[in-house]
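The values are calculated or read from the model by the stated rules, or taken from the named source; none is laboratory data. Because the structure is predicted, anything quoted here is derived from the model rather than measured. For neighbour counting, all protein chains shown are included, and Cβ atoms are generated from backbone atoms with ideal geometry for every residue, glycine included. Surface accessibility is based on the protein's heavy atoms, side chains included, excluding ligands, DNA and RNA. Shrake-Rupley method; radii C 1.70, N 1.55, O 1.52, S 1.80 Å.
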Amino acid sequence: MKIVLAYSGGLDTSIILRWLKGNYRAEIIAFCADIGQEEELAGLKAKALKTGAAKCIIEDLREEFARDFIFLMFQAGAIYEGQYYLGTSIARPLIAKRMVEIARTEKADAIAHGATGKGNDQVRFELTAAALAPELKVIAPWRDEAFRKQFPGRAEMIAFAKEKNISVEASTEKPYSMDRNLLHISYESGVLEDPWFDASSKKMRGMYKLSVAREEAPD
């Protein structure tokens, strides 16, 4: 079996890569779309291969992303439910479209993604795949009972990464995930799921990538 995985090199997709390879006895083609992650792409190919991928494809889709997705979204004034900016979600159909094209070129049997079973990202990936290549199987580990049983939380994933010598930025000191592209950067999961947690505290200053804390900004 051959699977094309949407791969970022973060905690979730790194663990999913290793899990897919073992659970499906599959050849994994890791695909990462360069949509403006900057330094996050450094060493990504070597990391994917070390984690277990048979091949890692990184493609520069920044121009297409800006021209056919970001600008059109701005022109439409698209804001989800009148308040949520589509910084992360606007990129998903583009990534899925390219995954389908790669799957056909590589004669893959399925595509896989790391979207959770509770959000809209799973819908964006899978509706795109269903529209463009209904014959392709879609694998969503977060909806797989065996995967969820093995990894009930991020602590277990971090421990697994450490055990298998999989290098990830997430740690007990940085128990969250982030998503960055040309348009924005966002954070989720881990400690950020707690509504009482103060993400503006000094110990969380490492989250700032595109800006700085107000206290540290120039006058």
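The condition of being open to solvent by 60 Å² or more (accessible area, probe 1.4 Å), part of a helix (DSSP H, G or I), out of contact with any strand residue (DSSP E or B) (no Cβ under 7 Å at 6 or more places or on another chain) and among the acidic types (Asp, Glu) holds for residue 215.
In this structure, does residue 4 turn out to be part of a helix (DSSP H, G or I), of a type in the set (A, V, I, L, M) and in contact with a strand residue (DSSP E or B) (Cβ under 9 Å, 6 or more places away or on another chain)?
Working: part of a helix (DSSP H, G or I): no; of a type in the set (A, V, I, L, M): yes; in contact with a strand residue (DSSP E or B) (Cβ under 9 Å, 6 or more places away or on another chain): yes.
No: the conditions fail for residue 4.
Any residue at all in segment 130-140 that's touching a strand residue (DSSP E or B) at 6+ places or on another chain (Cβ under 7 Å) and either farther than 23 Å from residue 110 by Cβ or touching a residue at least 60 places away in the same chain (Cβ under 8 Å) (or both)? Yes. Being of a type in the set (Gly, Ala, Ser) and in contact (Cβ under 8 Å) with a residue 60 or more places away in the chain is the filter here, so list the residues in segment 27-60 that pass it. Residues satisfying the conditions are 33, 36.
How many of the residues in segment 13-34 are more than 18 Å from residue 163 (Cα to Cα), touching a helix residue (DSSP H, G or I) at 6+ places or on another chain (Cβ under 7 Å) and assigned to a helix (DSSP H, G or I)? Total satisfying the criteria: 0. Once segment 9-34 is narrowed to residues that are of a type in the set (D, E, K, R) and modelled with pLDDT of 95 or more, the residue that is least open to solvent (accessible area, probe 1.4 Å) is 34.
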